[in-house]
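Heads up, the thing below is written out as structure tokens.
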Amino acid sequence: MATARQPSDLDDYLFDLRGYLILRDALEPDLVRRLNESFDRFPQDLDSWAWWGNTQRSDSEGDNAKGYELQNVVEAGAPFEELIDHPSWLDYMRRYAGEVDSYVEGLFIDECFASIRRSGGYFYLHSGGYHGAIRGQYRYANGVFRCGQVNALMALTDIGPGDGGTMVIPGSHKSNFAHPQSIGREARPMDDVEGAIEVQLNAGDVLLFCDGITHGGSSRTNPDGERRVVIYRYGVSWAATRHGYRYSPELLGRLTPERRRILEPIPPRSPGH
Ligand SMILES: O=C(O)CCC(=O)C(=O)O
């Protein structure tokens, strides 16, 4: 079991400055192995939008040859349940997105998915402070963070040059202007965007970033192999799932109380309950 990591003063400084942090060796090697084994079992013949249990294939790039995304992946087995309250990043999420010291203090995972990137795959440029949604906003005021959403992007493979790593524009979570190269650029890669950097990770590292930072994924140019990541998005306790997925009663029923509270911070209330 990993020990609980706390955000340091330097983490706060860099997260505020850049909008992201890299947590090295955040996942235990055995958990990385079990997650990769789970990825190996994803049905490769699953069509886009087809269901596999309470998970759904939904490739953001719309080209199944270049990747594979499985939404609501917390429903895909025990290793994914361990990620909900993983001690390497839980206290970071509480501090940055958990509405500390308010009447709605707590967290909720509003989206979670597995992503496989193959040759030619990428994730288009999106987000940023300019016209940013409150859901993904970066905010620090009166001594507390009030980020709308902070993501944990967990590397299950080494992600080096040509592997299709995540790209971020450091500081863009506070940007007051649209990036000139972003205009009309929806659904296009961000490889040549001025100011963007590619984040290189080793298997087991986690990229933690405010969703309000301009980000995306570089084009994978390496011909063979796969980039494998899991992304959990943490936000305010009163949110709803982004795409309308419902966590199943079976999943909620077998979780520890701490994990259940993150997937169901506000238990449903209705006559008779
Ligand atoms: O796949 C990536 O590296 C980037 C993912 C991304 O853009 C997102 O989570 O919003």
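Specify which of the listed residues (Ile231, Ile197, Ile213) is out of contact with any helix residue (DSSP H, G or I) (no Cβ under 6 Å at 6 or more places or on another chain), within 12 Å of the ligand (Cβ to nearest atom) and either under 30 Å from Tyr103 (Cβ atoms) or modelled with pLDDT of 95 or more (or both).
Only one candidate passes the filter, namely Ile231.
Could you please find all residues in the stretch 201-218 being part of a loop (DSSP other than H, G, I, E, B), under 23 Å from Ser175 (Cβ atoms) and either free of Cβ contacts under 8 Å to residues at least 24 places away in the same chain or not aliphatic (A, V, I, L, M) (or both)?
Matches in the stretch 201-218: Asp211, Gly212, Thr214, Ser218.
Within the stretch 90-126, which residues are within 16 Å of the chain's Cα centre (by Cα) and of a type in the set (A, V, I, L, M)?
Here is the first cut: in the stretch 90-126, the ones within 16 Å of the chain's Cα centre (by Cα) are 90-94, 96-98, 107-117, 122-126.
Leu90, Met93, Ala97, Leu107, Ile109, Ala114, Ile116, Leu125 - these are the residues of the stretch 90-126 that are within 16 Å of the chain's Cα centre (by Cα) and of a type in the set (A, V, I, L, M).
Are there any pairs with C-beta distances below 6 angstrom linking a residue in the stretch 24-48 that is more than 16 Å from His86 (Cβ to Cβ) to a residue that is charged (D, E, K, R), with the two at least 6 apart or on different chains, and if so which?
That search, which allows pairs on different chains as well, returns Phe39/Arg228; Leu46/Arg57; Ser48/Arg57; Ser48/Asp59.
Would you confirm, using the coordinates I've provided, whether Ala141 is open to solvent by less than 10 Å² (accessible area, probe 1.4 Å) and either more than 17 Å from the chain's Cα centre (by Cα) or within 12 Å of the ligand (Cβ to nearest atom) (or both)?
no
If we keep just the residues of the stretch 235-273 that are of a type in the set (Lys, Arg) and in contact with a helix residue (DSSP H, G or I) (Cβ under 7 Å, 6 or more places away or on another chain), which is least open to solvent (accessible area, probe 1.4 Å)?
So the first thing to find is which residues in the stretch 235-273 are of a type in the set (Lys, Arg), and the list is 242, 246, 254, 259-261, 269.
Still in the list and also in contact with a helix residue (DSSP H, G or I) (Cβ under 7 Å, 6 or more places away or on another chain): 259-260.
Working: Arg259: 53, Arg260: 88 Å².
Residue satisfying both the conditions and the ranking: Arg259.
Is one or more of the residues making up the stretch 230-242 in a loop (DSSP other than H, G, I, E, B), of a type in the set (Phe, Trp, Tyr) and in contact (Cβ under 8 Å) with a residue 24 or more places away in the chain?
Yes, because at least one residue in the stretch 230-242 is in a loop (DSSP other than H, G, I, E, B), of a type in the set (Phe, Trp, Tyr) and in contact (Cβ under 8 Å) with a residue 24 or more places away in the chain.
When Ile134 is evaluated against the numbered criteria (1) in contact (Cβ under 8 Å) with a residue 60 or more places away in the chain; (2) open to solvent by 30 Å² or more (accessible area, probe 1.4 Å); (3) of a type in the set (A, V, I, L, M, F, W, C), which criterion, by number, is the only one it fails?
Going through the list (1) in contact (Cβ under 8 Å) with a residue 60 or more places away in the chain; (2) open to solvent by 30 Å² or more (accessible area, probe 1.4 Å); (3) of a type in the set (A, V, I, L, M, F, W, C), Ile134 breaks only (1).
For the list (1) touching a residue at least 12 places away in the same chain (Cβ under 8 Å); (2) more than 12 Å from the ligand (Cβ to nearest atom), I need the number of the one condition that Asn151 fails.
Among (1) touching a residue at least 12 places away in the same chain (Cβ under 8 Å); (2) more than 12 Å from the ligand (Cβ to nearest atom), Asn151 violates only (2).
Looking at (1) assigned to a loop (DSSP other than H, G, I, E, B); (2) of a type outside the set (Asp, Glu); (3) under 23 Å from Thr241 (Cβ atoms), find the lone condition where Met154 falls short.
Failing condition for Met154: (1).
If you take just the strands (runs of 3 or more DSSP E) that sit entirely in the stretch 23-124, which of them hold at least 2 residues that are open to solvent by less than 50 Å² (accessible area, probe 1.4 Å), among the aromatic types (Phe, Trp, Tyr) and under 23 Å from Val150 (Cβ atoms)?
Of the strands (runs of 3 or more DSSP E) lying wholly inside the stretch 23-124, those with at least 2 residues that are open to solvent by less than 50 Å² (accessible area, probe 1.4 Å), among the aromatic types (Phe, Trp, Tyr) and under 23 Å from Val150 (Cβ atoms) span 108-117.
Restrict the check to the stretch 184-194 and report whether at least one residue is touching a Pro at 6+ places or on another chain (Cβ under 9 Å), part of a loop (DSSP other than H, G, I, E, B), open to solvent by 20 Å² or more (accessible area, probe 1.4 Å) and without any contact (Cβ under 8 Å) to a residue 40 or more places away in the chain.
Within the stretch 184-194 (the criterion being touching a Pro at 6+ places or on another chain (Cβ under 9 Å), part of a loop (DSSP other than H, G, I, E, B), open to solvent by 20 Å² or more (accessible area, probe 1.4 Å) and without any contact (Cβ under 8 Å) to a residue 40 or more places away in the chain), the answer is yes, since at least one residue qualifies.
The values are calculated or read from the model by the stated rules, or taken from the named source; none is laboratory data. These figures come from a predicted structure and were not determined experimentally. Because the Cβ atoms are built from the backbone with ideal geometry, glycine has one as well, and the counts that use them run over all protein chains shown. Heads up: the accessible areas ignore ligands, DNA and RNA and are worked out on the full protein's heavy atoms, side chains in. Shrake-Rupley method; radii C 1.70, N 1.55, O 1.52, S 1.80 Å.
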